[in-house]
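Peer 1: Mind having a look at this structure? Questions to follow.
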Amino acid sequence: MKSLIEPFRIKMVEAIRQTTERERTEILEKAHYNPFLIKAEDILIDFLTDSGTGAMSDKQWAAMMIGDESYAGSKSFFRFEKAVRNITAFTHIIPTHQGRAAERILFSVAVKEGDKVPSNTHFDTTRANIEFNRAEAVDFVIPEGKIPTLEHPFKGNMDLGRLADFLEKHHEQVPLGMITVTNNSGGGQPVSMENIRETSKLLHKYDIPFFIDACRFAENAYFIKLREPGYGDRDVLEIAREMFSYADGCTMSAKKDAMVNIGGFLAMNDETLAMNARNLLILTEGFPSYGGLAGRDLEAMAVGLEEVLHEDYLKYRLRTAAYMGERLTEAGIDIIRPTGGHAVYIDAKAFYPHIPPSQFPGQVLCAELYRKGGIRGVEIGSVMFGKKDPETGSEIPAEMELVRLAFPRRMYTQSHFDYAIEVIIETYGDRDRARGLKIVWEPPFLRHFTAKFSPVD
Ligand code: F0G
């Protein structure tokens, strides 16, 4: 059959609220043209993030009911530990309340001032946690990974040549190396098995531990199955196991590929590092058998980690982004190609050629998608990454002006996506009428969350 259906049926529904364009225009003004300031109940389709927003299965909800809430040695912890070990084979598995808590603990115990941590591309929270420990986060994604419309099967790959040169010069200041799968900041692009293996070899040549930022490990494993020679007949669990076999540890936001609303973990083989991490965990997150979570959350993660590796799920998951990408490309809208696992990234500079980066075309597109159809996406451009010239105070734009539409797992159906595609194409039809935005208020850090905008005159 040509039709690819959602590999689940719906047992519980949550109503979403329709609003009129007039209502949304008013809501948008009140929210100062910043989607983060719109109430969730005023959104029809929420593509702000795929993190912690997905639908849990009947089996996950059932497992939550048998959560063991004992403070120490809970049964749910051992079930969770077994599920993580089954995939990663790491010796020490430490639960945390989400990904950045695992990052904070890892970098607090493993890096010191003046250190350097290379990756393909560090996610914002990873970079911030490295910098908070006065170390430097360095990105070495391949050059192809930075050209939006260039097709390449593994645009998340590490540039091995640059990493080798860097290690030759700086290996004494490198306490660990990382790779993010899939590469969220670069468009949700996968990393090949060969690249993971070679990155591991380069680091291990200098006895440097290799950690995987594993948020979307299952999506990455399925891309390897589809695209890398020699993996087409392999089981995704086997592929995931091979990915982790080259690493010494991982950080994980379970809010992505463990299909839960909250949770994460840190895992590693090194005994001393694990002891130090557990000591810090007790200080700030909780006892090592719950790490800031409830027993029921550990149960839900254990089941989610099994379900995410079902191939019919992964096939549908990757096809969702590809489907939207194909429809938008046919309509002449530029996106990052090929589509990654969890999101579609629209090139807002190409969408609104008449709006200069200083007037935030990505923010304009987010506002217009909301006005037109109640859809919420997120700007990844000069609002999020633009800098100010320290001398003149003028804005230095970001490299790209993108809008990310990220898809919660198992949440929206084909017709929701067809509707969203229609809204984007209609918004494109009206592009000449869109006006730029200016910032009227901003906080000192991470301005995209709370900045206020108004239309330029
Ligand atoms: N690493 C990657 C690659 C991520 O995408 C995220 C979160 C984290 C680490 C941090 O995990 O949120 O559980 O603390 N990404 C979300 C997003 C927020 O929208 O892409 P967390």
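Coordinate-derived values only; no laboratory data. Keep in mind that this is a model prediction, so the values were computed, not measured. Reconstructed Cβ throughout: ideal geometry from the backbone, glycine too, with neighbour counts over all protein chains shown.
Peer 1: With the cut-off at 25 Å, tell me which of the pairs Lys112/Lys256; Lys155/Lys388; Lys155/Lys438; Lys82/Lys116; Lys30/Lys438; Lys82/Lys112 have Cα atoms farther apart than that. Don't skip to the end; give the middle numbers.
Peer 2: Working: Lys112/Lys256 29 Å; Lys155/Lys388 30 Å; Lys155/Lys438 33 Å; Lys82/Lys116 33 Å; Lys30/Lys438 15 Å; Lys82/Lys112 32 Å.
Checking Cα-Cα distances, Lys112/Lys256; Lys155/Lys388; Lys155/Lys438; Lys82/Lys116; Lys82/Lys112 exceed 25 Å.
Peer 1: Which net charge results when you count Lys and Arg as +1 and Asp and Glu as -1 among the other residues whose beta-carbon is under 13 Å from that of Gly156? List each step's numbers first, then the result.
Peer 2: On the way: positive: Lys146, Lys155, Arg216, Arg227; negative: Asp139, Glu144, Asp159, Glu194, Asp213, Glu219, Glu228.
Neighbourhood net charge equals -3.
Peer 1: Right, next: Measuring from label point to label point, each 7 Å out along Cα→Cβ, what is the Leu4 to Lys201 span in nm?
Peer 2: 3.3
Peer 1: Evaluate E = 1/(1 + (r/R0)^6) for Arg234 and Leu280, where r is the Cβ-Cβ distance and R0 equals 51 Å; express this FRET efficiency to the nearest 0.05. Before the final figure, lay out each step's value.
Peer 2: On the way: r = 37 Å, r/R0 = 0.73.
That pair, Arg234 with Leu280, gives E of 0.85.
Peer 1: Would you tally the net charge around Ile93, using a Cβ to Cβ cut-off of less than 11 Å, leaving Ile93 out, and scoring K and R as +1, D and E as -1?
Peer 2: Values: positive: Lys82, Arg85, Arg278; negative: Glu81.
Charge balance near Ile93 sits at +2.
Peer 1: What nm value, rounded to one decimal, do you get for the distance between Leu37 and Thr392 when each label is placed 7 Å out toward the C-beta?
Peer 2: Distance between the two pseudo-spin positions: 2.8 nm.
Peer 1: Which parts of segment 235-251 would a label at Asn269 reach, counting a residue when its backbone N lies under 19 Å from a point 7 Å out along Cα-to-Cβ?
Peer 2: 238-251
Peer 1: Find me the longest stretch of the chain that has none of the exposed GluC sites (Glu not before Pro), where exposed means in a DSSP loop (not H, G, I, E or B) with at most 14 other Cβ atoms within 10 Å. If you can, show how the numbers build up before the last one.
Peer 2: On the way: sites that count: Glu14, Glu69, Glu113, Glu151, Glu391, Glu399.
Looking at the chain, 152-390 is the longest stretch - no exposed GluC sites (Glu not before Pro) with at most 14 other Cβ atoms within 10 Å.
Peer 1: Taking the Cα centre of each part, how many Å lie between segment 16-30 and segment 56-134?
Peer 2: 38
Peer 1: Now for a separate question. If a/c stays under 1.5 just call it rounded; otherwise compare a/b with b/c (prolate if a/b is bigger, oblate if not). Do that for segment 58-307, with a ≥ b ≥ c from the square roots of the Cα gyration tensor eigenvalues.
Peer 2: Working: a/c = 1.96, a/b = 1.29, b/c = 1.52.
Since a/c reaches 1.5 but b/c is at least a/b, the shape of segment 58-307 is classed as oblate.
Peer 1: Given a Förster radius of 56 Å and the C-beta distance between His170 and Glu330 as r, what FRET efficiency does 1/(1 + (r/R0)^6) yield to the nearest 0.05? Before the final figure, lay out each step's value.
Peer 2: Working: r = 46 Å, r/R0 = 0.82.
Here the calculated transfer efficiency is 0.75.
Peer 1: Right, next: If you add up the charges near Asp297, with Lys and Arg at +1 and Asp and Glu at -1, over every other residue whose beta carbon is less than 14 angstrom from its beta carbon, what do you get? Kindly include the intermediate steps, with their values, before the conclusion.
Peer 2: Working: positive: Lys75, Arg79, Lys255, Arg296; negative: Asp68, Glu69, Glu81, Glu285, Glu299.
Result for the neighbourhood of Asp297: -1.
Peer 1: 7 Å from Cα along Cα→Cβ at both Val456 and Lys30: what's the point-to-point distance in nm?
Peer 2: So the two model labels end up 2.9 nm from each other.
Peer 1: Can you give the FRET efficiency for Glu399 and Arg447, using 1/(1 + (r/R0)^6), R0 = 22 Å, r = Cβ-Cβ distance, to the nearest 0.05? If you can, show how the numbers build up before the last one.
Peer 2: Values: r = 17 Å, r/R0 = 0.79.
Working from the Cβ atoms, E equals 0.80.
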